[in-house]
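Right, one structure below, let's go through it.
The values are calculated or read from the model by the stated rules, or taken from the named source; none is laboratory data. Since this is a predicted model, take the numbers as computed values, not measurements. All Cβ positions, glycine included, derive from the backbone under ideal geometry; neighbour counts span all protein chains shown. In case anyone asks, the SASA skips ligands and DNA or RNA and just uses the protein heavy atoms, side chains included. Shrake-Rupley method; radii C 1.70, N 1.55, O 1.52, S 1.80 Å.
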Amino acid sequence: MIRAIRLLIILGLGVWAALYLREMGGIVEITVGSTFIGIPVWLGLLALVIGFVVLHSILSAWKWLRGWPARIRARRQERHRREGDAAVTRALVALAAGTPDQARLEIRRARSMLGDTPHTLLLTAEAERMAGRNDSANEAFKLLAQREDGKFLGLRGLLRDAMQREDWPAAQRLAREAEAAQPGAAWVREERAALALRTRDWKEALALSPPDQLTGHRRAALALAAAMQDPETASALEKQALAADPGFAPAALAVARRQAAEGSPRRAKTTLQATWKLAPHPDIAEAYLADEVDALGRVKAAETLTHENRTHPESRLVLGRTALAAGLTGRARAELEALVNSGGADRRAFLAMVDMDAVELGDSAAGRSAEAKWLRAAAAAPPEPRWQCLSCGTTHRKWEPICEECGTPGRIEWTGSAPTRGGALATT
Ligand SMILES: [Zn+2]
């Protein structure tokens with residue numbers, strides 16, 4: 001509206017100026033050589049204006065014509081982007097729905113529209129992987145890894161694949177590259193920790209596990225495993241293991257063994273006692289009593305070891321057995337009967353009763369009947385605790401960082417310990 005009014009005013013002024021000039025008269029003279037042209041001023045001005053308008057129109061038309069191909073290109077690109085985006089969305093939906101063939105179809109369409117972008121390459125790889133075509137997936141991941149903006153994503157995909165194929169050297173190289181591409185990324189750290197576990201590099205796994213995530217028994221198991229691998233730092237790692245889980249018998253035994261070797265047998269015994277207080281273990285009793293040759297001395301030592309955890313079945317068992325070996329049958333009977341009556345007795349307690357009755361009753365009718373009774377009880381009693389792989393159930397003679405039977409790290413647990421103490425090095 002305002003524009004129309006303005007145009008009207010300008011037109012009015014133009015007409016008024018033309019009339020005014022016509023009224024005023026006057027001539028514009030143009031002389032070229034001997035040719036002379038004379039036109040009225042108003043006509044000259046009008047010709048000038050018309051000439052300007054015509055020239056402007058011609059130039060505008062030329063510019064518009066020249067921009068034509070670019071405009072067509074832009075329109076096509078816009079259409080491609082729109083259709084490509086829609087195909088990406090459909091591919092995502094297909095991936096989420098678990099239909100990899102549909103996803104591959106859509107992502108191929110998107111790639112032809114949008115070209116190789118980090119998005120299309122990543123989706124291609126995921127769709128191919130879901131369809132079980134790992135080679136094609138790796139092709140896409142490799143293309144992605146070559147780009148500056150998709151390097152980490154590409155390396156991540158390749159690393160995941162290498163770990164799945166159990167190609168550890170390749171996985172380690174890719175993890176290093178991923179770490180360089182994205183230093184400090186939590187995911188890389190976790191993968192490297194998992195990789196270290198798979199390659200049995202316990203020390204590296206321990207170093208890569210964040211202290212807030214790896215605690216208690218899991219840290220103790222990993223530290224002890226690392227100590228077994230590296231004699232240089234074994235002493236510190238064993239202490240670290242025992243500090244992480246003071247009830248972890250293998251760690252206590254390792255620390256005590258080192259203390260005794262360093263000439264501090266008293267400190268070694270204190271270490272064993274401290275762990276016995278938390279979680280009695282027959283190996284600890286064995287180590288504690290090892291240097292006592294005299295039977296009565298062994299009874300005394302057993303008393304010292306167990307006095308802070310007096311009623312634990314392992315305490316009663318070691319007291320009963322040492323007393324029996326020293327001929328203190330009354331003492332042995334008191335301990336073993338208390339153990340049997342407590343309901344916490346396993347097979348070993350009943351077999352000790354057999355031994356005790358054999359000593360006390362000898363080869364008599366009463367002795368034979370007592371033996372039969374305890375043997376029956378032993379057969380029905382729960383088995384003695386042992387080191388067992390919680391993953392495959394294989395029994396192991398001693399604690400090991402990894403089960404050689406099934407290859408699972410950190411799942412060998414003492415079946416006599418409270419279930420809450422259990423835990424794997426990794427959740428693999
Ligand atoms: Zn196993």
- For Val28, residues with placed amide H under 5 Å, excluding near neighbours: Ile39, Val41
- Task: Quick one: what are the phi-derived ³J(HN,Hα) couplings along the range 124-130, Karplus 6.51/-1.76/1.60 with θ = phi - 60°, whole Hz, x for glycine and proline?
- Result: 4, 4, 5, 5, 5, 5, 5
- Query: Using a basic spin-label model with each label point 7 Å from the Cα along Cα→Cβ, how many nm lie between Leu361 and Glu139?
  - Reply: 8.1 nm
- Report the relative contact order of the range 86-226, percent, no decimals, based on alpha-carbon pairs under 8 angstrom and at least 6 residues apart. 12 percent
- Considering Cα pairs under 8 angstrom that are at least six residues apart, work out the relative contact order of the chain and quote it in whole percent. 6 percent
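Can you list the equivalent-ellipsoid semi-axes of the range 78-202, largest first and in whole Å, using the square root of 5 times each Cα gyration tensor eigenvalue?
Semi-axis lengths for the range 78-202 are 29, 15, 11 Å.
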- In order over the range 312-318: 3J(HN,Hα) from phi, Karplus 6.51/-1.76/1.60, θ = phi - 60°, whole Hz, x for each Gly or Pro, gives 5, x, 5, 5, 4, 5, 5
- Task: List the residues of the range 155-191 whose backbone N lies under 13 Å from a point placed 7 Å from the Cα of Asp230 along the Cα-to-Cβ direction.
- Result: none
- Query: For the pair Asn341 and Gln213, what calculated FRET efficiency results from E = 1/(1 + (r/R0)^6), where r is the Cβ-Cβ distance and R0 = 45 Å, to the nearest 0.05?
  - Reply: 0.55
- What FRET efficiency, computed as 1/(1 + (r/R0)^6) with R0 = 45 Å and r the Cβ-Cβ distance, is obtained for Arg165 and His307, rounded to the nearest 0.05? 0.20
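Taking 60 Å as R0, compute the FRET efficiency from the Cβ-Cβ separation of Glu190 and Ala47 and round it to 0.05.
It comes to 0.15.
Remind me, relative contact order of the range 1-147 in percent, using alpha carbon pairs under 8 angstrom and six or more residues apart?
That works out to 12 percent.
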- Query: At a probe radius of 1.4 Å, what is the per-residue accessible area of Met24, in Å² to the nearest 10?
  - Reply: 120 Å²
- To the nearest 10 degrees, how steeply does helix 68-97 sit against the main Cα axis of the chain, on a 0 to 90 scale? 20 degrees
- Using a 1.4 Å probe, how large is the accessible area of Trp62, given in Å² and rounded to the nearest 10? 150 Å²
- Straight-line reach from Lys300: which lysines have Cα under 19 Å away, leaving out those fewer than 8 places along the same chain? Lys269, Lys277
- Message: Test of understanding: what is the full-extension gain from Cys392 to Leu65, defined as 0.36 nm times their sequence separation minus their Cα-Cα distance?
- Response: 109.9 nm
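Sorted by mean Cβ packing within 10 Å, highest first, what order do the peptides 114-125, 161-172, 65-76, 83-94 take?
The most tightly packed comes first, giving 114-125, 83-94, 161-172, 65-76.
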- Task: Could you list which residues have their amide H under 5 Å from that of His396, counting only those 5 or more apart in sequence or on another chain, with H placed in the peptide plane?
- Result: Trp387, Gln388, Cys389
- Message: Just to verify a number: what accessible area does Met228 come out at with the full protein assembly present, 1.4 Å probe, Å² rounded to tens?
- Response: 100 Å²
- Would you list which lysines come within 16 Å of Lys203, measuring only between C-alpha atoms, while excluding same-chain residues fewer than 8 positions from it? Lys239
- Query: Is the range 188-228 best put as rounded, prolate or oblate by its Cα gyration tensor, with a ≥ b ≥ c the root eigenvalues, rounded for a/c under 1.5, and otherwise prolate when a/b is larger than b/c, oblate when not?
  - Reply: oblate
- Over all viewing directions the Cα convex hull of the range 246-326 casts an average projected area in nm² of 4.6 nm²
- How large is ³J(HN,Hα) for each residue in the range 180-197, as worked out from phi by the Karplus curve 6.51 cos²θ - 1.76 cosθ + 1.60 (θ = phi - 60°), to whole Hz, x for Gly and Pro? 5, 6, 9, x, x, 5, 4, 5, 4, 4, 4, 5, 5, 5, 4, 5, 4, 5
- Note on the structure: For Ala254, the net charge from surrounding residues (Cβ-Cβ under 10 Å; K, R +1; D, E -1) works out to +2
- Message: Rounded to the nearest angstrom and ordered from largest down, what semi-axes does the equivalent ellipsoid of the chain get from its C-alpha gyration tensor (root of 5λ)?
- Response: 96, 23, 20
